[in-house]
Amino acid sequence: MSGFVKILGPQFSTFVRSVMIACEEKGISYEYGMEHNGKPVALASEELLSLHPYGKIPVLLTEDAVICETASIIRYLDMNFSGTHLQPDAGLARAEVDQWSALISRYIDQAIVRDCLLEFARPKGENGTVRMDKVEQATPELQRALDNLSKQLGDKEYLCGGGFSMADILLLPMLDYLAGSPLGGLISDTANLMPYLQRLRQRESAQKVLRAG
């Protein structure tokens, strides 16, 4: 398949960035933003709920499909567009990528983004200050997530043994934001994660997406 796709969602979203990186890797033309049919779409609005049953982003819009949930979007792009393969062909290797894509989308995202980074991005403390007590409470689970990633990575170049994959694409924007946050030292202090992040940042797709915002 060839053609143009629209990524419904803001560029600063880690999951939107993952879909953008997937498009860059596969050479797919795309645009992004919170507009649909020429009109702004608000988070949790009725229009967004018509595209995603829980009113979340991103949503992929093509001429003949509406796809939600980031991992499903990337699988769809990988299967329906030519270019670099983002999933291995072999069954066990593909299952490993699927497994880590699910773990990243659920547990790693929760530990890094929802419980920690959003405390800095959208402070809810008194007079708009960061609730450092919340950050401190969440830090052990964040470290657990990083330790699990470090263990899975081992001495491999990429997260799963088959090479660069959608699992790396899902993880990259999260680690990139974390590295630039007040908690970034945790990446440097966790064996093998900073060299891994630097390798991913050097990809042309990452250069275009991560440095665009």
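Couple of notes before you dig in:
- Summed residue charge, Cβ within 13 Å of Leu86's Cβ, Lys/Arg positive, Asp/Glu negative: -2
- The 3J(HN,Hα) values that the Karplus relation (6.51, -1.76, 1.60; θ = phi - 60°) gives for the stretch 139-152 are, in residue order, 4, x, 6, 4, 5, 4, 4, 5, 5, 5, 5, 4, 5, 5 Hz. Gly and Pro appear as x.
- GNM result for the chain, Cα springs below 10 Å: residue of Met34, Met174, Met166 fluctuating most strongly: Met34
- Around the Cα centre of the stretch 110-213, unit charges on the Cβ atoms of Lys, Arg, Asp and Glu (plus for the first two, minus for the last two) sum to a dipole of about 320 debye.
- Point-to-point label distance, Met194-Gln137, nm (Cα→Cβ direction, 7 Å offset): 3.1 nm
- Here the sum of -39500 (n - 2.57) over DSSP H runs of 4 or more residues, divided by the residues of the chain, equals -14500 deg cm²/dmol at 222 nm, to the nearest 500.
- Normalised size of the stretch 86-150, defined as Cα radius of gyration per 2.2 N^0.38 Å with N residues, equals 1.46.
- Taking all C-alpha pairs of the stretch 111-213, those more than 19 Å from each other amount to 44 percent.
- Separation of the Glu63 and Ser150 label points, Cα + 7 Å toward Cβ, nm: 5.0 nm
- Proximity of backbone amide H atoms, modeled 1.01 Å from N, is registered between His36 and Val41 at under 5 Å, excluding neighbours fewer than 5 places apart on the same chain.
- Share antiparallel - DSSP beta bridges, the stretch 2-108, percent rounded to 5: 65 percent
- Modelled label reach - Glu157, point 7 Å along Cα→Cβ, the stretch 88-115 residues with backbone N closer than 19 Å: 88-90, 93-94, 97
- Using heavy atoms of the protein chains and a probe of 1.4 Å, the accessible area assigned to Asp133 is about 80 Å².
- Local electrostatic count at Glu96 - Lys and Arg +1, Asp and Glu -1, tallied over other residues with Cβ under 13 Å: -1
- Chymotrypsin sites (Phe, Trp or Tyr not before Pro) lying in DSSP loop within the stretch 51-160, provided at most 12 other Cβ fall within 10 Å: Tyr54
- For the chain, with +1 on Lys and Arg beta carbons and -1 on Asp and Glu, the positive-most of Ile21, Cys116, Leu159 along the dipole: Cys116
- Computed from the Kirkwood radius of its Cα pairs, the Stokes-Einstein diffusion coefficient for the chain at 25 °C and 0.890 mPa s stands at 137 µm²/s.
- The charge dipole of the chain, taken about its Cα centre with unit charges on the Cβ of Lys, Arg, Asp and Glu (plus for the first two, minus for the last two), comes to roughly 240 debye.
The values are calculated or read from the model by the stated rules, or taken from the named source; none is laboratory data. What you are looking at is a predicted structure, and each value in this text was computed from that prediction instead of being measured. In this analysis, Cβ positions are derived from the backbone assuming ideal geometry, glycine residues included, and neighbour counts consider all displayed protein chains. Surface areas here come from the heavy atoms of the whole protein model, side chains and all, with no ligands, DNA or RNA. Shrake-Rupley method; radii C 1.70, N 1.55, O 1.52, S 1.80 Å.
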